[in-house]
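Chemist: There's a structure below that I have some questions on.
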């Protein structure tokens, strides 16, 4: 996922000539500073678990994950500053260890929830995956992803000198952090705001989360709707206007073109809500739940078509996009594989200099062998065959190394957030499924075997690209590679031990596959497996999606972003678009106001604006996601938790906190606006709320969400440019 920090720097082409020069790290190789200290380890492990859980929630919620490297670096600098002895290498260890958690979370949520979705389909009741199997998959996949990329560090970072744009950005943040700044204040404040909003909306139901409506024009619904969560606007601010527009293009294609076409044709479709999110593809003959668009209200008709038809079309477009991404980078991938194999064979690499000392290769190979053993037994449990389990283990290791190299190389070219992880997982699932079918593995046992292979490979690829990005940061600031690699393994293990609990907690509270947690990638994986093994996949809709993908390729548009937009609910993509447009507005304003400054001064101001915007947005996401995890836990403990916890009193307390926070973040007017806004909402709630009501105001009350959404939109624009406005004011006074 592209960040605001990356907009000003374009990565080099995959086959661009290497710029030869002498590399001088920020901390020279002859200096030795404390890195793996106790305080760095404890902070890194804590953040890996916390931000990993938050990323899992966001990924299941909107289908996008957020890189944690830069927020982790800022948090580390803010926390470790309270200790007498701290340094840039110690902060880099914290961000390295932390980033492993959210990266691994992406690999887990893209695949493991597919088993939970498939289990709900008729005939698949025996498909079961437990929390401890999830932990083991995450543990093996995450650790393998780190180990496989260790010999790739020299090949991709030192020899090939790939740009790694996100790693460079993180290194710059660490360097600037030595000078101090307001980054931690903005991040912490945004976490409070994001958590407070979700606490009142999701936890206390003070207002509706989504506002939407549709009117019938003939037999066609005219639909419009939006989610009111600031977390989605913050995602849009981070990914930028281009990605936001592409996602919205996909939603517009689905809701303004495809849904009306389906309803106009009068083709019957399944209306059973239990079958909506699933890639069943049944023709509906004899199904008692058949209906046509003319028999339902326009909003229901649009939603049913989207659930039963459009998701399949989006899945087909995602498959086409993933395969095309692999084809387009085939030369780079071949080079990655060649250099990776050569790196494994190169046991005589120079390790005399501190900044070139990797983890011992013999230890790496031994660890890979040890990790293969528990997965062999898991595959045996899945497939009920010792021979097939052995084959599956071999495929897992080969594919894991190959796609870790793929992810690492692509992270070096376009950044780890833009890696086509879904694409490589799709290829792995298809190959593993066909192989298991040849070996006689049909039905649920074949599905579980293929999913197990795909899940481990996806985890390895997801963490592999992110780890090489962090090693690039270490290369620039002068970290010791083997210490970073140790931190990466520790961070991966820390989140892996909690991965099963996080996934099953969210599933029990919100139901993965529902409107609350649509899990687009996992749904896609479930559809592919169900279609390959059960023959229930509607290949016509998949083919339509693939055709749309080919059309997008012809116009040189990024297929995956548009495909995800087709798949996601319209109310999810609309606020992401708003956030992207706000980011573009802030970016243009900053460039216009700084165009006459000297280059060095202009760059410093632009970097500050972009960094503060990124940190504030990341804080909104982290705060909203973390309180979502907390509320999920409360729901599991007591299903009656959501609804009435004296929301007015709590709201007034929160309003006071936001007022104080806003006065620290910006002008007094923001504090007064925040206090008036939340205080008024909370006081109104006190007057009319009844215990046990579904919502404080009514089931259709959206105005409180609109007001707070607008308030946060103002903050998300003001916070980044605050320093610029202060600079202008001081200049005029001078």
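Chemist: Which condition does residue 155 not pass, out of (1) modelled with pLDDT of 80 or more; (2) over 23 Å from residue 620 (Cα atoms), if it passes all the others?
Modeler: Only one criterion is unmet by residue 155, namely (1).
Chemist: What are the residues in the range 508-520 that are touching a strand residue (DSSP E or B) at 6+ places or on another chain (Cβ under 8 Å) and either under 19 Å from residue 138 (Cα atoms) or free of Cβ contacts under 8 Å to residues at least 60 places away in the same chain (or both), if any?
Modeler: Passing the criteria: 511, 519.
Here's the yes/no breakdown for (1) surrounded by 21 or more Cβ atoms within 10 Å (Cβ to Cβ); (2) closer than 29 Å to residue 408 by Cα; (3) in contact (Cβ under 8 Å) with a residue 12 or more places away in the chain; (4) in contact with a helix residue (DSSP H, G or I) (Cβ under 7 Å, 6 or more places away or on another chain):
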{"residue": "482", "(1), (2), (3), (4)": "no, yes, yes, no"}
{"residue": "501", "(1), (2), (3), (4)": "no, yes, yes, yes"}
{"residue": "522", "(1), (2), (3), (4)": "yes, yes, yes, yes"}
{"residue": "550", "(1), (2), (3), (4)": "no, yes, yes, yes"}
{"residue": "572", "(1), (2), (3), (4)": "yes, no, yes, yes"}
{"residue": "581", "(1), (2), (3), (4)": "no, no, yes, yes"}
{"residue": "586", "(1), (2), (3), (4)": "yes, no, yes, yes"}
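Chemist: Counting only residues that are free of Cβ contacts under 8 Å to residues at least 24 places away in the same chain and within 23 Å of residue 156 (Cβ to Cβ), how many does the range 390-407 have?
Modeler: Qualifying residue count, the range 390-407: 1.
Chemist: Further, regarding this structure: Which condition number in (1) surrounded by fewer than 19 Cβ atoms within 10 Å (Cβ to Cβ); (2) on the phi < 0 side of the Ramachandran plot; (3) modelled with pLDDT under 80 is the one that residue 218 fails?
Modeler: Going through (1) surrounded by fewer than 19 Cβ atoms within 10 Å (Cβ to Cβ); (2) on the phi < 0 side of the Ramachandran plot; (3) modelled with pLDDT under 80 one by one, residue 218 breaks only (2).
Chemist: Which members of the range 70-103 meet the condition of being within 11 Å of residue 170 (Cβ to Cβ) and not in a helix (DSSP H, G or I)?
Modeler: None - no residue of the range 70-103 is within 11 Å of residue 170 (Cβ to Cβ) and not in a helix (DSSP H, G or I), so the list stays empty.
Chemist: Count, please, the residues in the range 136-151 that happen to be in a helix (DSSP H, G or I) and modelled with pLDDT under 90.
Modeler: The number of residues fulfilling the criteria is 2.
Chemist: Also, quick follow-up: Would you be able to tell me the number of residues in the range 346-401 that are in a loop (DSSP other than H, G, I, E, B) and at pLDDT 80 or above? Break it down into steps so the answer makes sense when it comes.
Modeler: Filtering the range 346-401 down to residues in a loop (DSSP other than H, G, I, E, B) leaves 346-353, 357-360, 384-385.
If we keep only those that are at pLDDT 80 or above as well, we get 357-359, 384-385.
Qualifying residue count for the region: 5.
Chemist: Here are 455, 494: which of them is over 18 Å from residue 60 (Cβ atoms), out of contact with any strand residue (DSSP E or B) (no Cβ under 6 Å at 6 or more places or on another chain) and assigned to a helix (DSSP H, G or I)?
Modeler: 494 is the lone residue from the list that is over 18 Å from residue 60 (Cβ atoms), out of contact with any strand residue (DSSP E or B) (no Cβ under 6 Å at 6 or more places or on another chain) and assigned to a helix (DSSP H, G or I).
Chemist: Listed residues 407, 509; which is under 18 Å from the mean Cα position of the chain (by Cα) and surrounded by 21 or more Cβ atoms within 10 Å (Cβ to Cβ)?
Modeler: Going through 407, 509 in turn, just one is under 18 Å from the mean Cα position of the chain (by Cα) and surrounded by 21 or more Cβ atoms within 10 Å (Cβ to Cβ): 407.
Chemist: I'd like the full set of residues that are in a helix (DSSP H, G or I) and surrounded by fewer than 24 Cβ atoms within 10 Å (Cβ to Cβ), limited to the range 437-452.
Modeler: 437, 438, 443, 444, 445, listed by residue number.
The values are calculated or read from the model by the stated rules, or taken from the named source; none is laboratory data. This structure is a prediction, so every number in the text was calculated from the model and none was measured. Don't worry about glycine lacking a Cβ; one is built from the backbone with ideal geometry, like all the others, and counts go over all protein chains shown.
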